[in-house]
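Asker: Could you have a look at this structure, given as structure tokens, before my questions?
The values are calculated or read from the model by the stated rules, or taken from the named source; none is laboratory data. Just so it is clear, the structure is predicted and the values come from calculations on it, not from any experiment. Here the Cβ is made from the backbone with ideal geometry for all residues, glycine too, and neighbour counts use every protein chain on show. When the accessible area is computed, the model is the full protein with side chains, heavy atoms only, and any ligands, DNA or RNA have been set aside. Shrake-Rupley method; radii C 1.70, N 1.55, O 1.52, S 1.80 Å.
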Amino acid sequence: MKKVLITGAAGFLGSHLCDRFIGEGYAVIGMDNFITGDKKNLAHLEQHLHFQFIEHDVTEFVSIEGDLDYILHFASPASPIDYLKIPIQTLKVGSLGTHNLLGLAKAKGARILIASTSEVYGDPLVHPQNEDYYGNVNTIGPRGVYDEAKRFQESITMAYHRFHGLETRIVRIFNTYGPRMRLNDGRVIPAFMGQALRGEDLTIFGEGSQTRSFCYVGDQVEGIYRLLLSDYTGPVNIGNPHEISIKDFAEEIIKLTGTAQKVIYKDLPVDDPMQRQPDITLAKRVLGWEPQIGRAEGMQITYNYFKGLTPDELYKSEHKDFKNHIKK
Ligand code: NAD
Ligand code: UDP
């Protein structure tokens, strides 16, 4: 039985990856420190014979007993509000955390896939973004903590590949959504759905002319799974190229949820990218992958998930309390 370590396992993508690898017959070790994740996302796997969970901060030395075939490094705050609130942890998990996991992969002879992001392209001047574009990132802006940690993560991963001959894979993930996103993580989909369900106005940042392209989690997991098992070592974009402005997206959510509320406008966050759309030519060619689930279907599934939350969960709208995780 092949063994895989998944960091960030209690988060949105990490928990779906645990499900996928368990479903494929792997022994899975999930690792997380719960800084932005939730135990609830893994509750259904707790008793599974081939699932083990280790509570650990990956910025500290990572030790695993026995063999390991694969590592998927997904630990990192991922929402702009999260990483603005915990900037040092964000930089550390992308840099020190990645270094620890590359060292572990080298010691075990394991293949490692790291979760990079469309944010490595910053506020892109090339549209759509393909893997050859170097990006337009403000290193010292508030988002720089995430973007630069991820860019460093890609660099150190390629250095381990070139210098140590380590088997590495890099996925550049574009906005992905679905069940188990944290309702109050501040990202646009949980934000709009939470607002609709609580009967609040939908908050559009800026004029809403900025664009995003949303990928359903099932499609994203399929792309990641294929990339891990492929021979391709360069970075690969995985995302859904169907682009929409945030203003039009708010209208879609209003129709989907039937809310009687309106949209209100708030300040655009600093360095918020004005356009984002993945060029997935490479993923199609090397992985034979493209998304299968359209936005209407994916949003309906996601809305059904959020509708199923308890009133407690729905009204606990204040942002996650990071106090317990922050060391002096
Ligand atoms: P998430 O916040 O739901 O999950 C991240 C998980 O990592 C959480 O469970 C958190 O507790 C854990 N974590 C953070 N720091 C840790 C540490 N030091 N040690 C151990 N665990 C730690 O976010 P997500 O959307 O599931 O994102 C997962 C990964 O995918 C991240 O690396 C993110 O950068 C990347 N990504 C996600 C998206 C997206 O649209 N969802 C887009 C681009 C990249
Ligand atoms: N956004 C918005 N209202 C919200 C939350 C987000 O208009 O309540 C905008 C945000 O400014 C950005 C887009 O929606 O332009 C996507 O934001 P998100 O935080 O989901 O992720 P990003 O793609 O910026 O990392």
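Asker: Are there any pairs, at least 6 apart or on different chains, whose C-beta atoms fall under 6 Å, with the first in the stretch 104-117 and in contact (Cβ under 8 Å) with a residue 60 or more places away in the chain and the second assigned to a helix (DSSP H, G or I), and if so, which?
Answerer: Lys106/His164; Leu113/Leu228; Ser116/Lys150; Ser116/Glu154
Asker: Take the stretch 171-180 and flag every residue that is open to solvent by less than 10 Å² (accessible area, probe 1.4 Å), under 29 Å from Ala110 (Cβ atoms) and not small (Gly, Ala, Ser). Talk me through it step by step, then tell me what you get.
Answerer: From the stretch 171-180, those open to solvent by less than 10 Å² (accessible area, probe 1.4 Å) are 171, 174, 177-178; that's our starting set.
Add one more test, that the residue is under 29 Å from Ala110 (Cβ atoms), and what stays is 171, 174, 178.
Residues satisfying the conditions are Val171, Phe174.
Asker: Go through the stretch 87-126 residue by residue and tally those that are closer than 18 Å to Gly234 by Cβ and among the hydrophobic types (A, V, I, L, M, F, W, C).
Answerer: 8
Asker: Now for a different question. Only one residue in Gly144, Gly122, Gly186 is within 13 Å of ligand 2 (Cβ to nearest atom) and open to solvent by less than 10 Å² (accessible area, probe 1.4 Å), so which one is that?
Answerer: Values: Gly144 fails: within 13 Å of ligand 2 (Cβ to nearest atom); Gly186 fails: open to solvent by less than 10 Å² (accessible area, probe 1.4 Å).
The match here is Gly122.
Asker: Filter the stretch 201-215 down to residues that are hydroxyl-bearing (Ser, Thr, Tyr) and buried (at least 22 other Cβ atoms within 10 Å of the Cβ), then give me how many there are.
Answerer: 1
Asker: Give me the residue from the stretch 194-211 that is more than 27 Å from Pro128 (Cα to Cα) and touching a Leu at 6+ places or on another chain (Cβ under 9 Å) and, out of that set, nearest to ligand 2 (Cβ to nearest atom). Step through it out loud before you land on a result.
Answerer: We begin by selecting, within the stretch 194-211, every residue more than 27 Å from Pro128 (Cα to Cα); these are 194-202.
In the following step, the residues that additionally are touching a Leu at 6+ places or on another chain (Cβ under 9 Å) were identified as 194-198.
On the way: Gly194: 9, Gln195: 8, Ala196: 12, Leu197: 14, Arg198: 13 Å.
Selected residue: Gln195.
Asker: Out of the stretch 270-322, which residues are open to solvent by less than 50 Å² (accessible area, probe 1.4 Å), closer than 18 Å to Asn184 by Cα and either part of a loop (DSSP other than H, G, I, E, B) or among the polar types (S, T, N, Q) (or both)? Talk me through it step by step, then tell me what you get.
Answerer: Initial filter on the stretch 270-322 (open to solvent by less than 50 Å² (accessible area, probe 1.4 Å)): 272-273, 276-280, 282-283, 286-287, 289, 291, 293-295, 298-299, 302-303, 306, 309, 314, 319, 322.
Still in the list and also closer than 18 Å to Asn184 by Cα: 299, 302-303, 306, 309, 314, 319, 322.
Within the stretch 270-322, Thr302, Leu309, His319, Phe322 meet the criteria.
Asker: Next question. Determine if the stretch 221-235 includes at least one residue that is touching a residue at least 60 places away in the same chain (Cβ under 8 Å) and within 15 Å of ligand 2 (Cβ to nearest atom).
Answerer: We begin by selecting, within the stretch 221-235, every residue touching a residue at least 60 places away in the same chain (Cβ under 8 Å); these are 221-228, 230, 232-235.
From the residues that got through so far, the ones that are within 15 Å of ligand 2 (Cβ to nearest atom) too are none.
No; the residues of the stretch 221-235 include none that is touching a residue at least 60 places away in the same chain (Cβ under 8 Å) and within 15 Å of ligand 2 (Cβ to nearest atom).
Asker: Here is a further query. For residues that are crowded, with 17+ Cβ neighbours inside 10 Å, over 25 Å from the mean Cα position of the chain (by Cα) and at pLDDT 95 or above, tally how many sit in the stretch 255-269.
Answerer: Residues that pass the stated criteria total 1.
Asker: Identify, by number, the condition in (1) more than 19 Å from Val221 (Cβ to Cβ); (2) touching a residue at least 60 places away in the same chain (Cβ under 8 Å); (3) buried (at least 20 other Cβ atoms within 10 Å of the Cβ) that His73 doesn't meet.
Answerer: All conditions pass for His73, except number (1).
Asker: Restricting attention to the stretch 161-199, which residues are among the aliphatic types (A, V, I, L, M) and within 11 Å of ligand 1 (Cβ to nearest atom)? Quick ask: steps written out before the conclusion?
Answerer: First pass over the stretch 161-199, keeping only residues among the aliphatic types (A, V, I, L, M): 166, 170-171, 173, 181, 183, 188-189, 191, 193, 196-197.
Across the stretch 161-199, the qualifying residues are Val171, Ile173, Met181, Val188, Ile189.
Asker: If I ask for residues that are buried (at least 20 other Cβ atoms within 10 Å of the Cβ) and of a type in the set (Val, Ile, Thr), which ones from the stretch 232-254 would you list?
Answerer: Correct list: Val236, Ile238, Ile246, Ile253.
Asker: Residue by residue through the stretch 51-100, note down the ones that are in contact with a strand residue (DSSP E or B) (Cβ under 8 Å, 6 or more places away or on another chain), more than 9 Å from ligand 1 (Cβ to nearest atom) and under 20 Å from Phe12 (Cα atoms).
Answerer: Once the filter is applied, which keeps residues that are in contact with a strand residue (DSSP E or B) (Cβ under 8 Å, 6 or more places away or on another chain), more than 9 Å from ligand 1 (Cβ to nearest atom) and under 20 Å from Phe12 (Cα atoms), the stretch 51-100 yields Phe51, Gln52, Phe53, Ile54, Tyr70, Ile71, Leu72, Thr98.
Asker: Picking from Thr168, Thr139, Thr157, which residue would you name as being open to solvent by 50 Å² or more (accessible area, probe 1.4 Å) and among the β-branched types (Val, Ile, Thr)? Quick ask: steps written out before the conclusion?
Answerer: Numbers: Thr168 fails: open to solvent by 50 Å² or more (accessible area, probe 1.4 Å); Thr157 fails: open to solvent by 50 Å² or more (accessible area, probe 1.4 Å).
That would be Thr139, the only listed residue that is open to solvent by 50 Å² or more (accessible area, probe 1.4 Å) and among the β-branched types (Val, Ile, Thr).
Asker: Sticking with this structure for a sec: Out of the residues in the stretch 94-117 that are among the charged types (D, E, K, R) and part of a helix (DSSP H, G or I), which is most open to solvent (accessible area, probe 1.4 Å)? If you could, list the steps in order and put the result at the bottom.
Answerer: First pass over the stretch 94-117, keeping only residues among the charged types (D, E, K, R): 106, 108, 111.
Filter once more, so that each one left must be part of a helix (DSSP H, G or I): 106, 108.
Details: Lys106: 103, Lys108: 63 Å².
Per the criteria, the residue is Lys106.
Asker: Which ones in the stretch 147-178 are over 19 Å from Pro87 (Cβ atoms), within 16 Å of ligand 2 (Cβ to nearest atom) and of a type outside the set (A, V, I, L, M)?
Answerer: Arg172, Phe174, Asn175, Thr176, Tyr177, Gly178
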